[in-house]
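Report on the structure given below.
Values in this text are rule-based calculations from the coordinates and carry no lab data. Given the structure is predicted, the values throughout are model-derived calculations rather than measurements. Here Cβ is always computed from backbone atoms with ideal geometry, including for glycine, and neighbour counts include all displayed protein chains.
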Amino acid sequence: MAVKRASQVKKSVWLTPPPSRGRRSPRATGAGGGAGGLDREVIVAAAVRLLDEQGEAKFSMRALATRLDVTPMSLYWYVADKDDLLELALDVVAGEMELPRSSDGLSWQDGLRALAVTWRAAMLAHPWAVRMYNDYLNIGPNSVRFSARALEVARSSPLPEDDAMAALSAVFQYAYGFTANEVNWDEKAKAAGTTEEGLIAEITEAVLQVPSIAESGVLTDRPVDSEQLLRERHFHRALDWMLAGMAAGLAGAAT
């Protein structure tokens with residue numbers, strides 16, 4: 001199978017000149033006051049709401065047009081295609097992230113923690129976003145604002161530049177993986193018509209039918225706390241260890 005060259009990969013909406021975007025569509029009627037009420041910001045905001053409700057698998061330009069009470073073709077006066085719209089929606093999510101300010105007086109470790117926490121919170125609020133996060137360049141204004149602040153925080157540490165970038169990478173790869181797993185379990189439970197606790201109980205009961213697993217005793221005890229509470233605790237505890245390890249590595253290098 002042929003491998004795509006970099007030049008064949010679709011360009012980001014942020015790198016593509018929009019010669020016809022932003023014009024009012026004569027076809028746009030209905031929601032928002034007809035042609036005068038439809039613009040790219042309105043379309044993207046509606047797309048985010050629809051994605052939150054239905055997820056990206058069911059999302060389509062036709063469904064969005066129906067939600068806005070316009071014809072599907074009306075949307076293409078403002079966005080070139082579905083990919084551009086999804087990329088724009090992702091940047092809206094990035095705009096919800098609360099960045100630590102330099103005036104807050106946080107240490108570099110607490111700054112990295114704050115960034116990881118707000119990134120996770122935004123992705124949990126919009127589960128579709130974490131699944132699409134690696135599909136786009138994420139170079140919209142809100143994403144760049146987040147990345148710039150993350151670089152500032154990392155570079156405010158006493159770590160050498162290369163180590164500071166490694167620390168930043170480690171924190172966000174951890175946040176991404178942890179959050180993606182959270183979203184996956186939550187949606188599996190919803191698809192099964194149960195809670196996460198209920199799904200885990202079903203899985204546990206099933207695998208305990210395997211003699212070797214039953215005899216091992218590894219699945220006989222389950223925590224009494226809810227999965228949500230456990231995840232919250234585990235996310236922060238593991239983050240504590242990561243940041244403490246970075247500081248310990250710095251101290252060790254100084255001796």
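Starting from the alpha-carbon convex hull of the stretch 130-176, give the projected area averaged over all orientations, in nm². Working shown, then result.
Values: hull surface 14.0 nm².
Quarter of the Cα hull surface area: 3.5 nm².
Provide the FRET efficiency to the nearest 0.05 for the Leu250-Ile213 pair, computing r from the beta carbons and using R0 = 45 Å. The partial results should precede the final answer.
Numbers: r = 43 Å, r/R0 = 0.95.
The calculated FRET efficiency here is 0.55.
To the nearest µm²/s, what D does Stokes-Einstein give for the stretch 125-255 at 37 °C and 0.692 mPa s, using the Kirkwood radius over alpha carbon pairs as Rh? If you can, show how the numbers build up before the last one.
On the way: Rh = 18.1 Å.
My calculation gives 182 µm²/s for D.
Taking Rh as the Kirkwood radius computed over C-alpha pairs, what is the Stokes-Einstein D of the stretch 156-219 at 25 °C in a medium of viscosity 0.890 mPa s, expressed in µm² per second? Walk me through the numbers before you get to the answer.
On the way: Rh = 14.9 Å.
Diffusion coefficient, whole number: 165 µm²/s.
Loop only per DSSP, at most 14 neighbouring Cβ atoms within 10 Å: give me the chymotrypsin sites (Phe, Trp or Tyr not before Pro) in the stretch 38-94, ordered by residue number. Show your work: numbers first, answer last.
On the way: sites: Phe59, Tyr76, Trp77, Tyr78; in loops: Phe59, Tyr76, Trp77, Tyr78.
Counting only loop positions with at most 14 other Cβ atoms within 10 Å, none of the chymotrypsin sites (Phe, Trp or Tyr not before Pro) in the stretch 38-94 qualifies.
Along Cα→Cβ, 7 Å out, is where each label goes; now give me the distance between the ones at Arg145 and Ser169 in nm to one decimal.
Computed distance between label sites Arg145 and Ser169 equals 2.8 nm.
If the reach is capped at under 18 angstrom between alpha carbons, list the lysines near Lys11, excluding any in the same chain fewer than eight residues apart.
Straight-line reach from Lys11, under 18 Å: Lys82.
If a/c stays under 1.5 just call it rounded; otherwise compare a/b with b/c (prolate if a/b is bigger, oblate if not). Do that for the stretch 101-172, with a ≥ b ≥ c from the square roots of the Cα gyration tensor eigenvalues. Numbers along the way, then the final one.
Numbers: a/c = 1.95, a/b = 1.62, b/c = 1.21.
Prolate shape, in that a/c is at least 1.5 and a/b is the bigger ratio.
Expressed as a rounded percentage, what relative contact order does the stretch 105-242 have, with Cα pairs under 8 Å and six or more residues apart? Don't jump to the answer; show the numbers that get you there.
Numbers: 63 pairs, mean separation 33.2, N = 138.
Relative contact order, the stretch 105-242: 24 percent.
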